[in-house]
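Have a look at the structure below, then the notes.
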Amino acid sequence: MADRVHGSALVAITILLYRLRHSDFPVRRRVLAAMNLFFGVTIGIMAFGHLLAVTTKLALGTLAGSLLVFYGIGTVLAVPAWWLVLCTCGVLVAERDHGDTTLVLNAWLAIALIALGLHNLPMAAPALLSIGYQLHSRRLVRWAIVVVAVVVNVGLFVGSLVFMASGQSFEQFRGIE
């Protein structure tokens, strides 16, 4: 599943960058749009998968825990993630800068992920890096942030592949089962 999530996000930013290849959009806005789109699609698909898993377990009668909490977690992540994707698309269509909105949505997602456990800090890192990129004015620092963001995203992808290869479910990994 993780390879599909990251693959979908990679396809989304590839399409974005391909569409913008001959545009007059500044490089800074292109990079920020790519960072936001990749993170939004990744977390949005993961949140949708979470909601689908909760619904499936509920239908099978195997859900252990609070339905309200599980749906709340999925919703708290899905809504801002897909909103971030829409804001990124809005930047491209309306040529408006959604800077404040994307800052708030990235902060919301980072805080929500960290609030769900410090083990989610690596998943929150792309949001924090996007915020840093958007707020920083020095070109060299912005490019350093982009390099770190790429390394973090590649690390998350490799980590997810290793986790999938282990054959464990999330419940087994966390010691819930």
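The values are calculated or read from the model by the stated rules, or taken from the named source; none is laboratory data. All values reported here derive from a predicted model rather than from experimental measurement. Here Cβ is always computed from backbone atoms with ideal geometry, including for glycine, and neighbour counts include all displayed protein chains.
Listed by first and then second residue, the pairs linking a residue in the range 129-157 that is in a helix (DSSP H, G or I) to a residue that is aromatic (Phe, Trp, Tyr) and surrounded by 14 or more Cβ atoms within 10 Å (Cβ to Cβ), with Cβ atoms under 8 Å apart and 6 or more places separating them unless they lie on different chains, are SER130/PHE39; ARG142/TYR133; ILE145/TYR133; VAL146/TYR133; ALA149/TYR133; ASN153/PHE38.
Looking only at the range 44-79, residues that are in contact (Cβ under 8 Å) with a residue 12 or more places away in the chain and under 23 Å from the mean Cα position of the chain (by Cα) come to 17 in all. When each of VAL41, VAL93, VAL5, VAL11 is tested for being at pLDDT 85 or above and either under 14 Å from the mean Cα position of the chain (by Cα) or assigned to a helix (DSSP H, G or I) (or both), the lone residue that passes is VAL41.
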